[in-house]
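K.L.:
Have a look at the structure that comes next, please.
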Amino acid sequence: MKEVSYVVVFPTIFSKNKIPQLISNIKKILKVRNQEFSSVKRDGDVILVNSGDPVFASSAINLLFGVEKVAIARQVKNEFKTIVSEITSIGGNLLLKGEKFLVTVEGTTKGFFPKDVEIAATSNIIEKKSKLGAQPGTEGNYDKLLYTYLTKNNAYICIFIDNGQGGIPFTSTKQNAICCVYDELSAVSCFETIKQGYDTKIIVCYNKKSDLLNIVKTLNQIIPRLVKEKISIDFFQVKINLSGTKNYLNFVSMAIEIMLNE
């Protein structure tokens, strides 16, 4: 039987009451990125994505706000022996010679404690991978984390896990905002506005055409997080030099006036 790897999405604590919106955003960004998927569904506090290419799908999903972690994992039943066996198999294959590893298990258990699984899996890996010289590490000292998350019925043994962007899902506030990007600081402000779940319209103010290159490079880091197939950005030339405190404040005042008229 072919083993299937899933993308497991862990919402931030602020997104746990907004999971339907996060699921919608996941579907949208996968479509925008031309990533095929057969299902996106909830399993307890996590979201399970069955994708044709978990690596590219997880990379796309990790652009979204409202995500604490993204993992590529194998799914097994939430049964003690099955979980320990799968952690031993998958975790053991991920280890390199002499690496220190840490087995961490979190989530919902039935008839056992997460610590029981951690101890049993750690012992099995040490025994079966003794030739590699693999050693158990500690929370503050390890080379590889072998992470498993348990839901009511399933266990997800992670092959790969990465930190997400944090924040809350895009458009989850059901409120609109407008941001003007003209330098690095304004770009950070725009980024944080989107991160807080606002449906954000972006405008660009610039002094010289030569300024546009850096602004566009910055926008390329922001635009993918808007989860839209088509995005309209208005450009305004403001003939005020940004050098000097007084000029800078005048430029910002003009940018604010433009935003208020949009």
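Where a number appears in this text, it was derived from the coordinates with a stated rule and is not lab data. If you're wondering where the values come from, they're calculated on a predicted model, not measured in any experiment. Because the Cβ atoms are built from the backbone with ideal geometry, glycine has one as well, and the counts that use them run over all protein chains shown.
K.L.:
May I ask you to derive the FRET efficiency for Gln135 and Glu79 from their Cβ-Cβ distance with R0 = 41 Å, giving the value to the nearest 0.05?
P.N.:
Given R0 = 41 Å and the Cβ-Cβ separation, E is 0.90.
K.L.:
Do any trypsin sites (Lys or Arg not before Pro) in the range 11-119 lie in a loop, going by DSSP, with at most 11 other beta-carbon atoms within 10 Å of their beta carbon, and if so which?
P.N.:
Here the sparse-neighbourhood loop sites are Lys97, Lys110.
K.L.:
Under the rule that a partner needs its Cβ under 4.7 Å from the first Cβ, which Cys of the chain have none?
P.N.:
Cysteines of the chain left without a disulfide-compatible partner: Cys158, Cys180, Cys205.
K.L.:
Taking 0.36 nm per residue of separation and subtracting the Cα-Cα distance, what length does fully extending Ser89 through Lys228 add?
P.N.:
Result: 46.0 nm gained on full extension.
K.L.:
Which residue fluctuates the most in the chain, going by a Gaussian network model with Cα springs under 10 Å, if the choices are Tyr147, Tyr206, Tyr248?
P.N.:
Tyr248
K.L.:
Between Val4, Ser243, Leu145, whose Cα lies farthest towards the positive end of the dipole of the chain when Lys and Arg beta carbons carry +1 and Asp and Glu beta carbons carry -1, centred on the Cα centre?
P.N.:
Working it through, the farthest residue towards the positive pole turns out to be Val4.
K.L.:
Measure out, as a whole number of angstrom, how far apart the alpha-carbon centroids of the range 191-262 and the range 22-56 sit.
P.N.:
That distance is 31 Å.
K.L.:
Let me ask something else. So, R0 is 45 Å and r is the distance between the beta-carbons of Lys239 and Lys144; what FRET efficiency does that work out to, to 0.05?
P.N.:
The formula returns an efficiency of 0.20 here.
K.L.:
Give the Rg (one decimal place) followed by the Dmax (whole number) of the range 128-255, computed from C-alpha coordinates and expressed in Å.
P.N.:
Cα radius of gyration and Dmax of the range 128-255 are 22.5, 70 Å respectively.
K.L.:
Could you state, as a whole-number percent, how many of the C-alpha pairs of the range 79-150 are farther apart than 13 Å?
P.N.:
Summing the P(r) of the range 79-150 above 13 Å gives 59 percent of all pairs.
K.L.:
Let me ask something additional. Starting from the 7 Å offset along Cα-to-Cβ, what nm value, one decimal, do you get for the label separation of Leu185 and Lys209?
P.N.:
That separation, rounded to one decimal, is 2.9 nm.
K.L.:
Given Cα pairs under 8 Å that are at least 6 residues apart, what percent is the relative contact order of the chain?
P.N.:
Rounded, it is 19 percent for the chain.
K.L.:
Using the Cα centre as the reference, give the magnitude of the dipole from point charges on the C-beta atoms of the chain (Lys, Arg: +1; Asp, Glu: -1; all else neutral), rounded to the nearest 20 debye.
P.N.:
It works out to roughly 420 debye.
K.L.:
Also, I was wondering about something else. Would you mind computing Rg(Cα) / (2.2 N^0.38 Å) for the chain, counting N as its residues?
P.N.:
1.26
K.L.:
When the helix-only estimate is applied to the chain (DSSP H runs of n ≥ 4, each -39,500 (n - 2.57), divided by the residue count), what is the mean residue ellipticity at 222 nm, nearest 500 deg cm²/dmol?
P.N.:
Per the formula, -11000 deg cm²/dmol.
K.L.:
Shifting gears a bit: Out of Thr245, Thr104, Thr193, any idea which swings most in a Gaussian network model of the chain, alpha carbons joined below 10 Å?
P.N.:
In the Gaussian network model the winner is Thr245.
K.L.:
Using a Gaussian network model of the chain with C-alpha springs under 10 Å, which one of Ala155, Ala120, Ala57 is most mobile by mean-square fluctuation?
P.N.:
Ala120
K.L.:
Still on this structure, please answer the following. Where in the range 175-262 are there trypsin sites (Lys or Arg not before Pro) that are in a DSSP coil and have at most 16 other Cβ atoms within 10 angstrom of their Cβ?
P.N.:
Lys208, Lys228, Lys230, Lys239
K.L.:
Under a 5 Å amide H to amide H cut-off, with H placed in plane at 1.01 Å, what residues pair with Ile159 once short-range neighbours are removed?
P.N.:
It is Ile72, Ala73, Arg74, by chain and number.
K.L.:
Okay, next question. Quickly work out the Asn17-to-Leu260 label distance, labels modelled 7 Å from Cα along the C-beta direction, and quote it in nm with one decimal.
P.N.:
Each label point lies 7 Å from its Cα, and together they span 3.5 nm.
K.L.:
Explain nothing, just the number: relative contact order of the range 176-260, from Cα pairs under 8 Å at least 6 residues apart, as a whole percent.
P.N.:
31 percent
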